[in-house]
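This structure is in structure tokens; I'll ask about it shortly.
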Amino acid sequence: MALQWTPKQGFVLLAFAALALYPMVGGNFGVDLVTKIMIFAIFALSLELLVGGTGLVCFGQAGFFGIGAYAAVLLSPQSEAAGLWWLLPAAVLCAAAYALAVGALSLRTKGVYFIMVTLAFAQMAYYVVHDTPLGGGTDGIYLTMKPAIGAGLDLDHPLTMYAFTLGLLAAVFGFLALLSRSRFGRALAGIKVNEQRMRATGFATYPYKLAAFTISGGIAGLAGFLFAVKDGFVNPELMSWHFSGAVLVMIILGGIGHLRGALIGAFAFALLQEFFKSEAIFGAFARHWHLGLGLTIILSVALLPRGLVGLPGQWRERLVGRTSRRAERAGVTAEAKA
């Protein structure tokens with residue numbers, strides 16, 4: 001039987017192929033920018049699992065991101081490069097462990113209370129690194145030596161870091177795509193639609209939500225680890241509520257409920273930031289880039305309620321609507337002539 005690709009799968013395949021080929025045409029700045037955006041895309045995918053896949057709006061996702069970043073720096077030796085193959089899992093496990101503890105408590109609440117509890121736990125982590133010597137206080141801490149991959153591969157080289165980040169982005173996307181098609185993913189989808197009905201059918205929904213929350217925290221920690229390795233520096237702002245809000249905007253902008261929407265939203269949000277920050281385009285107004293970005297997001301939400309991922313369908317609906325209206329008018333005219 002021949003393998004048939006759907007338009008959605010074809011789009012994802014073309015997107016990853018374009019990312020793989022981009023270093024051939026992109027300069028040093030472009031490679032560095034796209035590497036950062038791919039890290040944000042992994043971060044957005046972690047929240048998409050909760051919001052789009054389970055219906056849990058978490059406002060403390062930056063806490064897990066920051067823990068992964070700080071773990072990468074704090075666990076690294078000062079005198080030599082740490083081994084990537086133990087440092088990366090350790091950072092992910094630290095973030096996942098904190099997510100497990102936060103989820104065990106916060107998932108006993110619902111709605112706006114769940115949002116506020118997750119925000120409170122993220123702020124607790126923020127103040128731990130902000131007000132204590134553990135995380136270097138407000139100044140943050142530096143990663144003196146980036147972890148070693150081995151076989152002559154150095155993450156300090158921009159192209160190596162780019163390829164490594166792209167590989168992890170593809171792995172996370174593939175993992176979440178398989179997860180959504182599994183029995184576990186179907187259970188999460190049922191919880192999102194109607195949790196009470198899922199309970200009535202015999203599902204214990206709490207363990208499913210806790211597992212999803214823990215996996216989401218681990219993926220966010222992976223993104224934080226990559227961010228720390230790329231920049232070689234972390235500070236408390238990585239755990240601020242502003243960052244949690246930014247990643248929530250990414251998945252809303254791209255389209256909640258779609259993995260590819262998280263990718264599109266991360267790229268759209270970051271590129272819009274760069275666009276409005278450009279002094280070559282906006283001159284002195286570039287200092288007020290938040291205003292332009294905010295207005296653009298408001299317009300996007302108003303005009304694209306399903307996000308950027310729903311734009312083709314919205315165009316199709318309008319085109320079909322116009323065609324049907326023209327057919328109706330033609331039918332009425334023909335009847336009148338008859």
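Would you mind finding the one in 41, 17, 81, 104 that is closer than 16 Å to residue 218 by Cα, of a type outside the set (Asp, Glu) and more than 19 Å from the chain's Cα centre (by Cα)? Working first, answer last.
Numbers: 41 fails: more than 19 Å from the chain's Cα centre (by Cα); 17 fails: closer than 16 Å to residue 218 by Cα; 81 fails: closer than 16 Å to residue 218 by Cα.
Checking each option against the conditions leaves just 104.
Looking at 304, 248, 271, 295 in this structure, which one is modelled with pLDDT of 90 or more and open to solvent by less than 60 Å² (accessible area, probe 1.4 Å)?
Numbers: 304 fails: modelled with pLDDT of 90 or more; 271 fails: open to solvent by less than 60 Å² (accessible area, probe 1.4 Å); 295 fails: open to solvent by less than 60 Å² (accessible area, probe 1.4 Å).
From the options 304, 248, 271, 295, the qualifying one is 248.
Taking residue 96 as meeting all but one of (1) touching a Lys or Arg at 6+ places or on another chain (Cβ under 8 Å); (2) under 27 Å from residue 80 (Cα atoms); (3) crowded, with 20+ Cβ neighbours inside 10 Å; (4) not hydroxyl-bearing (Ser, Thr, Tyr), write down the number of the exception.
(1)
Working only within segment 56-76, note down all residues that are open to solvent by 40 Å² or more (accessible area, probe 1.4 Å), assigned to a loop (DSSP other than H, G, I, E, B) and in contact (Cβ under 8 Å) with a residue 24 or more places away in the chain.
Filtering segment 56-76 down to residues open to solvent by 40 Å² or more (accessible area, probe 1.4 Å) leaves 57, 59, 74-75.
After this cut, where a residue has to be assigned to a loop (DSSP other than H, G, I, E, B) as well, the list is 57, 59, 75.
57, 59, listed by residue number.
Here's a follow-up. Looking at segment 101-115, which of its residues are assigned to a helix (DSSP H, G or I), touching a helix residue (DSSP H, G or I) at 6+ places or on another chain (Cβ under 9 Å) and open to solvent by 80 Å² or more (accessible area, probe 1.4 Å)?
Selection gives 105, 113.
Just checking, does segment 317-332 include any residue being at pLDDT below 85 and surrounded by 11 or more Cβ atoms within 10 Å (Cβ to Cβ)? If you could, list the steps in order and put the result at the bottom.
Step one: filter segment 317-332 for residues at pLDDT below 85, giving 317-332.
This time we only want the ones that are surrounded by 11 or more Cβ atoms within 10 Å (Cβ to Cβ), so: 317.
The answer is yes; a qualifying residue exists.
The values are calculated or read from the model by the stated rules, or taken from the named source; none is laboratory data. None of the values given here were measured: they were computed from a predicted structure. Heads up, the Cβs are rebuilt from the backbone with ideal geometry, glycines too, and the neighbour counts pull from every protein chain shown. Side chains included, ligands, DNA and RNA excluded: accessible areas come from the protein's heavy atoms. Shrake-Rupley method; radii C 1.70, N 1.55, O 1.52, S 1.80 Å.
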